[in-house]
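Q: Before anything else, here's the structure in question.
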Amino acid sequence: MRVGYVQTEPRFGEVESNLRRAETLMSEKEADLWVLPELFASGYQFISHTEVEELAESVPDGPTTQRLITVAQKQNCHIIAGIAEKKGGCVYNAAVLVGPAGLRACYRKIHLFAKEKQWFIPGNTPFPVVSIPITDSAEKSVVKVGIMICFDHLFPEAARTLAIHGAEIIAHPANLVIPGYARLTMRVRAMENGVFTITANRIGTEARTEKTLCFTGESQIVSPRGEVLACSANDIEESQVVEIDPVLAQDKTLTPENDLLADRRPEFYHH
Ligand code: ACM
């Protein structure tokens, strides 16, 4: 199957042009699964609750989710993308998974980063793992996709929980601001769990307060052995697609005597 990411430079509050840019980059290549950055349509650096509420959207009825569903139908693919989700008076930093049949999952970021704590309610539902169809494999008819968002990468429990629940690919929409960290951690998350990872980060800056945020790009796709299959620079908008064999993520053996998941000793992990 073909998996890809879109690395964009969203402009704060310019939802229509941010959406169009992501749509254009997805239309240039064919993929079965696309991952887009965190908050890719709204932008990241909010400065008031009014602004968050204005830019947040309901899922799946809001325009961004509906536009993504239309792309998924046209291109016969699945898409995971970050969105500010409005639900019952609360706003979440969320990621939707959509396909030709519509909304399949909505994950609400569990580990909020820095000022996000001012604007969003922390996620209150489990890390999702969703089966999506694949058509080009003799051995598999579905692949299991898990979702986590940006800062979740520094909590190994997030990726481990997804792997324990069967994720073969971890989709990781991001708005990373600490250079180099996720490039490293996501290779480790892939290796220690025997899964593919797809990090879709954004580039550019936002200077809406006295603190300018510089987003670090370097989106990447990593194999279950920690090999970087695709990666981008920190200053270019682009999409990248690679062919992967998801069957590789079912093999959790490291040596004939060791299995990454079966060798766990959870009885010793409580403090
Ligand atoms: C982040 O979680 N957006 C760094």
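The values are calculated or read from the model by the stated rules, or taken from the named source; none is laboratory data. Every value quoted in this text rests on a predicted model; they were computed, and no experiment measured them. Cβ placement follows ideal geometry from the backbone for every residue including glycine, while neighbour counts extend to all protein chains displayed. Just the protein is used for accessible areas: all its heavy atoms, side chains included, with ligands, DNA and RNA removed. Shrake-Rupley method; radii C 1.70, N 1.55, O 1.52, S 1.80 Å.
Q: Counting each pair of different Cα atoms once, what's the Kirkwood radius of segment 14-126 in Å, rounded to one decimal?
A: 14.1 Å
Q: A further question on this structure: What is the gain in length, in nm to one decimal, between Phe268 and Cys90 on full extension, counting 0.36 nm per residue of separation less the C-alpha to C-alpha distance?
A: 60.4 nm
Q: Just to be sure I understand: with springs between alpha-carbon atoms less than 10 Å apart, which residue in Asp61, Asp235, Asp152 has the highest mean-square fluctuation in the Gaussian network model of the chain?
A: Ranking Asp61, Asp235, Asp152 by mean-square fluctuation puts Asp61 first.
Q: Where only protein heavy atoms count, and the probe is 1.4 Å, what is the accessible area per residue for segment 42-162 in Å²?
A: 42 Å²
Q: Return the FRET efficiency for the residue pair Glu243, Glu210: r is the Cβ-Cβ distance, R0 is 41 Å, and the value is rounded to the nearest 0.05.
A: 0.35
Q: Now a separate question. Indicate, rounded to the nearest 5 percent, the antiparallel portion of the DSSP beta bridges found entirely in segment 126-270.
A: Bridges in segment 126-270 are about 70 percent antiparallel.
Q: Moving on. Ratio of the chain's C-alpha Rg to 2.2 N^0.38 Å, to two decimals?
A: For the chain, the normalised Cα radius of gyration is 0.95.
Q: Another one. Picking from Ile244, Ile147, Ile79, which is most flexible by a Gaussian network model of the chain using Cα springs under 10 Å?
A: So, out of Ile244, Ile147, Ile79, the one fluctuating most is Ile244.
Q: Could you grab the relative contact order for the chain? Cα pairs under 8 Å, six or more apart, rounded to a whole percent.
A: So the answer I get is 20 percent.
Q: Just round it to a whole percent: the fraction of Cα-Cα distances in segment 75-146 exceeding 18 Å.
A: Tail of the P(r) past 18 Å holds 46 percent of the pairs.
Q: Starting from the exponent 0.38 and prefactor 2.2 Å, build the expected Rg for segment 108-225 from its residue count and divide its actual Cα Rg by it.
A: Rg over 2.2 N^0.38 Å, computed on Cα atoms: 1.13.
Q: Report the extension gain between Glu9 and His165 in nm, rounded to one decimal, defined as 0.36 nm multiplied by the number of residues separating them, less their alpha carbon distance.
A: Extending this stretch completely gives an extra 52.9 nm.
Q: Separate question: Run the helix sum for the chain: -39,500 (n - 2.57) per DSSP H stretch of 4+ residues, divided by residue count, reported at 222 nm to the nearest 500 deg cm²/dmol.
A: -6500 deg cm²/dmol
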